[in-house]
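A quick write-up on the structure given underneath.
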Amino acid sequence: MSNKILNLTPELSNYLQAVSLREPDILARLRAETAEHPMAQMQICPEQGQFMALLIRLLGAKKALEIGVFTGYSSLAVALALPDDGKLIACDTDENATNIARHYWEIAGASHKIELHLAPALETLERLCDRNQQNTFDFIFIDADKRNYPNYYDRALQLLRPGGIIAVDNVLWSGRVADSHVRDPRTQAIRDFNQMLHDDDRIHLSLLPIGDGLTLAMKK
């Protein structure tokens with residue numbers, strides 16, 4: 001028993017993956033290719049992808065939204081967990097990275113579930129609101145530019161149905177959020193965002209130490 005979160009050594013992390021990770025081959029292949037990308041650090045860890053897929057199944061989700069696609073690992077993990085008639089709206093501006101994503105979505109037979117919007121995410125979110133999509137999404141994943149997190153969250157909460165979940169990545173920011181000497185704009189933006197969610201009584205909240213920190217916000 002412990003009253004604090006266990007520190008994962010590399011050995012314990014490897015053990016955790018060995019006894020819990022059930023990563024489909026197509027996701028493992030995508031992860032391996034992404035590891036060669038210059039921005040490979042943007043890739044979520046495989047156990048986070050598996051956890052998000054479990055959330056999709058627990059929610060019985062059919063309609064999901066992703067803000068920040070990169071090479072498509074999280075998109076594919078979510079899409080594979082959605083039913084065949086499910087839909088994921090994926091938002092990004094990087095055509096080169098999302099071309100890799102499209103390739104793997106097609107190989108996995110999941111491309112019919114994913115609608116990619118190559119445009120600034122706030123524009124896409126505004127269009128969804130203009131089309132009366134409020135309160136219709138089951139699951140929303142935010143993993144994009146950190147200083148826009150409050151804006152993404154505000155629109156996402158409008159689009160999310162009551163009982164749905166917003167998942168927000170990188171909220172522990174490699175531990176920098178807890179170091180008072182670190183004052184750069186992105187770190188401070190995440191600190192402010194975390195405090196904003198802590199004070200938001202429209203949601204039920206949990207911050208999990210998975211990957212680089214994953215916040216779950218369930219809309220009341």
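The values are calculated or read from the model by the stated rules, or taken from the named source; none is laboratory data. Quantities reported herein were computed from a predicted structural model and do not represent experimental measurements. Every residue, glycine as well, gets a Cβ built from its backbone with ideal geometry; the counts of neighbours run over all protein chains shown. For the accessible areas, the whole protein counts, side chains as well, though only heavy atoms, and no ligand, DNA or RNA atoms are used. Shrake-Rupley method; radii C 1.70, N 1.55, O 1.52, S 1.80 Å.
Can you find, within segment 156-195, the residue that is farthest from the chain's Cα centre (by Cα) among those that are of a type in the set (Val, Ile, Thr) and closer than 19 Å to Gln43 by Cβ?
Ile190
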Can you confirm whether segment 105-119 contains a residue that is closer than 14 Å to Asp143 by Cβ and open to solvent by less than 50 Å² (accessible area, probe 1.4 Å)? no
Within segment 96-114, residues more than 14 Å from Tyr73 (Cα to Cα) and within 19 Å of the chain's Cα centre (by Cα) come out as Lys113
Within segment 143-161, does at least one residue satisfy the condition of being of a type in the set (Gly, Ala, Ser), exposed (fewer than 13 other Cβ atoms within 10 Å of the Cβ) and not in a helix (DSSP H, G or I)? no
Is it the case that segment 37-47 has a residue that's closer than 15 Å to His103 by Cβ, surrounded by 13 or more Cβ atoms within 10 Å (Cβ to Cβ) and within 20 Å of the chain's Cα centre (by Cα)? yes
